[in-house]
Structure formats: C-alpha cells, structure tokens
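All remarks here apply to the structure that follows.
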Amino acid sequence: MGSKKKNSPKGSDKTKGHQNGHQKPTNGPKVDKKGSSAKPQDKSDQVGKRETTQAPPKGSSSKLWLTILLISAATAGVAILAMNESAQATVGDVYKKHLHTHVLQAAELLSIDVSSFRMWWDEADSNSKQDAPPAEHRQQQEVSQPPPSQSDKRSGDKAKESKMQNDQGEDSTPQKSTAQRAADSEQEREVAEGDKVSEKPVQKDQGEKSQPQKSTAQTAAEDSKQKQDTDEGDKAPEKPVVQDIRVKSTHKTEKDSTQERAGQEAKVGEEQTPDKPSPEPPSPPAPAESSGEKEDVGGDTKDIKPPKSGRESYAKSAITNDDDYKVRKKLDEADDLLELGQLDEALQKFDSIIRKHPTSPRAHAGKADVLDKLAEKKRSNQLLEESIKVYGQLLTFPDVPAELMKKSARRLADRQQFRGWGRQSVKTMQFLVDRFPDDVQLQRELGVNHLMVGQDKEAKQVFEKILKIHPDDGFAMVHLGFVYQTSDSNPQKAIPLLLVGINSNDPGTQDGRFYFQLGSALQREGRTEEAEAVYQRGANKGLFLSAHQRSLYNVDSLTGRPWWTKEQTGYQKYLKLLEDNWKVIRDEGLSQLNSETGDFMPEDEDLREKGDWKQLTMYAQGRKKSKVCAKVPKTCALIDQIEPAKGCRRGQVKFSVMQPGVHVWPHCGPTNCRIRAHLGLVVPEGPMIRVVNETRTWKEGKFIIFDDSFEHEVWHDGKSFRLVLIVDFWHPELSESLRRSLSPI
C-alpha cells in the first residue's frame, strides 16, 4: 500500500492515522519486534476495560448458547441466499460484531469441535479487509460483553495496536498501563474460574509491553460504531459511542464522494485494519509540510487540491516581480511601517531598498505612497509633486506586475487631478488603456477623466467605443447620455441612454447626476409627469434630499425651505447694508453693462431655453476677482464687509442681466450649503421667478431670498432688461469649522 501524504490537511487538529500509512498484512506468519513468531496463541492476556458483567453459568445457559448458535446460522444463511452483495456484507458484519464470540463460547460449552470453523473464519476475515481506517483524537470507551473465547481474541490483537497508535498520536507503539494490565488479569481469572472455558493457562508473557492486543469486546465496540455511521438503518445493540469514524466494513474500499474533508475526524474511503494480526508499524516521522500528492487510501485515488506554496502562497505575489520577491521581507517590513503610520521610518526603509535595487517597482510604489501621505499630513504641494514624480518613474520600469501597474497609475492620475493637472491625469489614464486595451474598466475611467477636464467630445468617443463592443454596458450608457444632455443639448438621444443605463443597475449608474439629467431631459421634452416620477425615484433612493430639493453636494440636517425671510437668515445687518447702497451698486453694474468692452459673460450651464442672459462675477468659491473688482470697486468694498458672502466657497457674488424673452429651465443649484439673495437694481414689469410652487417677482432696492437647491424657474416676459445683484451666503446653520472644511463649488 502506498504511503499517505506527509501531513494532514491544514485545519485538522491531529494527523490522520500513521503518517507513513498502514502496511498490508501478508499471508505468512507475523513476526513481532523480538523476532518471535506472531502465530495466534490459544489465549490473549488482554481483554480491555469493561463494566463488570458475570458470564452466564455453564449449565443454565446451554440452551441459550445453542439458541444463539442456531439463530446465527440462520442469519448467515439468509444473508448468503437472499441478499445482494452489500446486504450480505452488512449482515456478515452484524454476525461478526455481535454473535461470533457467543457462537464460539456456546460451541465450547457444548463441547463441539469448531477448529475447522475457526480456520475458515480466520482466513475469510483476513481477506475481507486490508487496512484499518485512520482516526484522530478519540479516546476508547470500553463496553460490557460476556467473556470472549480465548482463541477468538487473536483476531483483534494487531488491529488494536494500529488503532491505538492512530487514536493517541504517539510516536511509538502504545502500551497499557499497569492498572489496565492488572484489570485484564483479574478478568481472565473470572473467565477461567466462572466459565471454565479455557483448559490451558495463559501463555502470554505478562511483562511484555511491546505487543498490546485488542480484546474482542473492543473490536466489537469499534465495529459497532462503524456500522452505525455507514448503515444507520440497522439497529445494533446499545453501546456507547466511542468514535466518529465513517467507514464501511466491506470487502472493497468504498469512496464517499459527497463527504467533505473539513471538520471530519476520519477520511472516508480508507480501508480498515484487518482483524488478522499484522506487523507492528514503525514510529511515525516528524510532521512535514503537505506535498499535495494524491492520497493513497487503498482503493481508487482521489485528487487532493495541493495548497499553494512558495510564490503562489505569498500574499503579495500579484504585485511582486521576481527581483522584488528576493527582497520581499524588507519590502513587507517597509509596508508594515507605512500601515502603522510610521511614515518617516517607512520612507527611510524604501529609500534603502531603492539604493540597492533602483528599479524595484514595489519599493517605488511604497515610497510614492509614503510621500502622498506625508503631503496630506503636512498639506504640502511640494511633497505631493514628489509623490507624483515617483509614481511616474515606476511606470517606466520594464517588469512591473500588471496589478501594481494599474494600482499605481490610477493613484497617479488621481493625484494629478487633485493637483490641478487634469490633462496630465488624462494622459496617465490613456497610457493605462494603451497598455491594457482589453480592460473595459480602464476605458470607463478614461472617459470620466475626459469629462472632469471638460473634454466632452473625447469622452463621448470613449463611451461610444465601449458601447460598440459592449452594447449593454450601463455605465457607458449613463455617461454618454449625460454628455448628450449637458454638452450636446440633445435630450432625445440622452433620454433612452439614461433610462436604460439607470435601469441596468450596473455599478456606477445609481448616481444623482444621472437621475437629475434624465428628469431635466424629460422636462425639456414636455414629459413633466415622467420627470417628476424620476425625481421621486431618486429621492426614494436617497440620491436627493427630496423630489424638489435635488442638490448633490449637501450637508445633512440643514434646514431646507424654498423661501427665506431676512430674520430667518440672521444676516439682517448685511442685507440692510447692501439695500442702503443699492443705487451705488446699480450704477456700477450699469457702467459695466454699457461699456464697449463689458465683462458680462453668457450663462454657460445650459439652463436657458431661449433668450439672452449674462453675468459679471466678482467673487467665486470664496475668492475675489481683483480685475473685475477694479471696475466696480464700491460694490466690492461693500461685499468685503460681509464675511459670510465674500468667504462663501460654495457660492458667488455677481451681477445678472436678463433680456426680454428669456426662459430658464427648471433647475436646482448644486448644494444646500448656501442661501441666495437677489437685490433688485433694474426691474421692469414682466420677469418672474418660481421656487417649487410659489412664484414671485423683484423690487428695486429690495432683497428676495430663497434656497436655490430647490427647483426654480425664471421667465422674462417684459419689454426691457432686468438687472439684479446675486449674493450667496453660507447657510446660517453651518459652523465656522465646517465652513472651512467644505470643498469649493
């Protein structure tokens, strides 16, 4: 029999059976450790622990034993004549486990010569099985049985040796304690004195400890448990459960293909140890790592998936080339320092590796990561640029693992975008797409990068290319629909792409911007009810604060109301300051409107259905435009006194001029972090503004205040232009610290 693999699968508590495997018995005489013949003797010196049970008296039990013998013969006959092979084996097991011992005792009691039967039985039993199944971590619990025939004890002796070594996991042949041997001797005296079965004295040397033998009671207990696990339909006599081993006592090894390895205490399909004595197995070798070879279980082999070893088992194998693998311990140590936030130490470690290995991809990636974190910690553009430089160097190396290349290049593109180098970011993503042309995710990211730098045409080409190859790509659909709506002003093309893309539920499609633009496209096509349903769906998904308040850059828990009073804002003094100086502000605005080179610029957010609408911006994202303010100095001087306005990084201060005939589509501002105040400067009859369900107009020298994150719409049906000053204030409920932390819009 071939040897088993050197160690048990990972996760098991103990090795399964002897680590060298079980040896098959031969038909010749067996030799023990001392070289003496192991031919079965007349009596065994060991019968195992059992509960004290007296054997039945010879005279009173004759009929009982005879009856047992007859029943046994009848049972065997039925098994042979009426059952299939499996059933025969099963009934045979029942006979061997529960009746064979009693039959031999009955024969001796009745003075029947059964020597021929003994020889036939031993030969048949030795051929029925080859090896005992391995077991792990079980402690035998003996069961009560009538005293066995001394000659029958021979059949289980060597099996007991093998099983005890398997169960106990010892490094040498198991030996019985002195207490156990004393108990065995006492039980033998009971057999000799009470039953008068044996006519010969015990010949086994009581001092010999190298050859422990198994009692028939122990064999019966083990076999009974095996029978219970494999054939639960048969009801054996009650016996304590002593192990959790799953094998069948059949002549051929059987595989249970459905048995899972994990958590089992014995391997299904391994052969049992025959009852016939076998050579003493050698001591097991020291445990070794699993080789991943097929496990020899005495029958058909079953492929065992080998565990990963070497490079394959290395956790960072995917980002480690051959050269880096040689210094992986140093790289891992540096990575650990980075993860622990010990940035200076990590940087020194990576630099040390780079000095010896100047083209190490992992060392450069680690160094770039450290510099990136240091730049964030110290708010240093210089460190950020150093990080970008190192990432860029990494991309030029000849042997960079694909996963590391993608990870580092993506981070490089992100850092370039953060630094304001958007076009370089696009080039980095284009490099990745060229390097991995079949990676559709990289193509998607390239398209998004084009959008972020305002390259709508290039973005459209990327997403159209994706859809030619992957026509059901929901991500490409929603982004292409977004471009059609916002850049091309083509709602007819945008609607089906946005609708199908959103309904695909693909990753990246459930974004408020796509619901926002789909609803807007439907509104512009006059499909108002459908638009409202889209907005409500977005609100239900948590993409909008409500169906009417559809801003995308929000702070939770801020009070939201369409219209505000001066008192509700808390900015009464600032509002009064501007109202008191409205004519000064008006005159400066008109001066720029009437100048030949005026700085008023057309509205560029594609909010107009028709008409002429222009703006002149003095403050944006909390920054003052000095060139513009030089032309309207008095207005800017007033704004400079209003910190919540001039420092509002999510708003603007600007003049807005609207010519007759303008219609501004229903729309929402980008954030709920501001409130918007309009100071009327030139207000003819006709212009109106609707916020949600309430429509108002302007008055010269007075403010109207609303939250532009709510849907609003503007018409100018008058006969002359309308001029207002728009001032955005921080939402009054935002704390100073939170205002400083918010990104500009």
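Values for this structure:
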{"quantity": "Conditions (1) part of a loop (DSSP other than H, G, I, E, B); (2) under 27 Å from Val692 (Cβ atoms): number failed by Asp599", "calculated": "(2)"}
{"quantity": "Test: residue in the stretch 368-377 that is closer than 28 Å to Gly422 by Cα, in a loop (DSSP other than H, G, I, E, B) and not hydrophobic (A, V, I, L, M, F, W, C)", "calculated": "no"}
{"quantity": "Options Ser557, Ser546; residue that is modelled with pLDDT of 95 or more, under 30 Å from Leu738 (Cα atoms) and part of a loop (DSSP other than H, G, I, E, B)", "calculated": "Ser546"}
{"quantity": "Answer residue from the stretch 412-434, given it is farther than 22 Å from Ile466 by Cβ and surrounded by 19 or more Cβ atoms within 10 Å (Cβ to Cβ) and is farthest from the chain's Cα centre (by Cα) among those", "calculated": "Gln416"}
{"quantity": "Hits in the stretch 571-601 (condition: in contact (Cβ under 8 Å) with a residue 60 or more places away in the chain and either under 53 Å from the mean Cα position of the chain (by Cα) or surrounded by fewer than 14 Cβ atoms within 10 Å (Cβ to Cβ) (or both))", "calculated": "Tyr571, Lys583"}
{"quantity": "First in the stretch 552-570 and over 15 Å from Asp728 (Cα atoms), second anywhere and basic (Lys, Arg), Cβ under 7 Å, 6 or more apart", "calculated": "Leu552/Arg513"}
{"quantity": "Among (1) closer than 25 Å to Ile745 by Cβ; (2) assigned to a helix (DSSP H, G or I) - the single one Gln510 does not satisfy", "calculated": "(2)"}
{"quantity": "The stretch 694-732 - residue that is acidic (Asp, Glu) and in a strand (DSSP E or B) and, of those, surrounded by the fewest Cβ atoms within 10 Å (Cβ to Cβ)", "calculated": "Glu694"}
{"quantity": "Segments classed as strands (runs of 3 or more DSSP E), wholly inside the stretch 634-693, with at least 2 members that are touching a residue at least 60 places away in the same chain (Cβ under 8 Å) and on the phi < 0 side of the Ramachandran plot", "calculated": "652-658, 663-667, 674-682"}
{"quantity": "Within the stretch 546-576, tally of residues that are within 30 Å of Asn503 (Cβ to Cβ) and touching a strand residue (DSSP E or B) at 6+ places or on another chain (Cβ under 9 Å)", "calculated": "9"}
{"quantity": "Cross-chain or 6+ apart pairs with Cβ under 8 Å, the stretch 602-618 first and at negative phi, then part of a strand (DSSP E or B) and charged (D, E, K, R)", "calculated": "Pro602/Lys614; Glu603/Lys614; Gln615/Lys654; Leu616/Lys654; Thr617/Lys654; Met618/Lys624; Met618/Lys654"}
{"quantity": "Yes/no for Gln455 being at pLDDT 95 or above and either surrounded by fewer than 22 Cβ atoms within 10 Å (Cβ to Cβ) or farther than 29 Å from Glu386 by Cβ (or both)", "calculated": "yes"}
{"quantity": "Test: residue in the stretch 489-507 that is surrounded by fewer than 15 Cβ atoms within 10 Å (Cβ to Cβ) and within 24 Å of Lys406 (Cα to Cα)", "calculated": "yes"}
{"quantity": "Considering residues of the stretch 632-652 that are touching an Asp or Glu at 6+ places or on another chain (Cβ under 7 Å) and over 22 Å from Ser741 (Cβ atoms) only, the residue surrounded by the fewest Cβ atoms within 10 Å (Cβ to Cβ)", "calculated": "Lys634"}
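Yes/no per residue for (1) among the β-branched types (Val, Ile, Thr); (2) touching a Gly at 6+ places or on another chain (Cβ under 8 Å):
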position	(1), (2)
Leu545	no, yes
Leu552	no, yes
Val555	yes, no
Trp564	no, no
Arg608	no, no
Gly622	no, yes
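This table checks each residue for (1) modelled with pLDDT under 95; (2) under 19 Å from Lys406 (Cβ atoms); (3) in contact with a Leu (Cβ under 8 Å, 6 or more places away or on another chain).
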residue: Gly310; (1), (2), (3): yes, no, no
residue: Asp332; (1), (2), (3): no, no, no
residue: Glu339; (1), (2), (3): no, no, no
residue: Gln342; (1), (2), (3): no, no, no
residue: Ala346; (1), (2), (3): no, no, yes
residue: Ile354; (1), (2), (3): no, no, no
residue: Arg362; (1), (2), (3): no, yes, yes
residue: Asn381; (1), (2), (3): no, no, no
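The values are calculated or read from the model by the stated rules, or taken from the named source; none is laboratory data. Keep in mind that what you see is a predicted model, and the values were worked out from it rather than measured. No Cβ is skipped: glycine too gets one built from the backbone with ideal geometry, and neighbour counts run over all protein chains shown.
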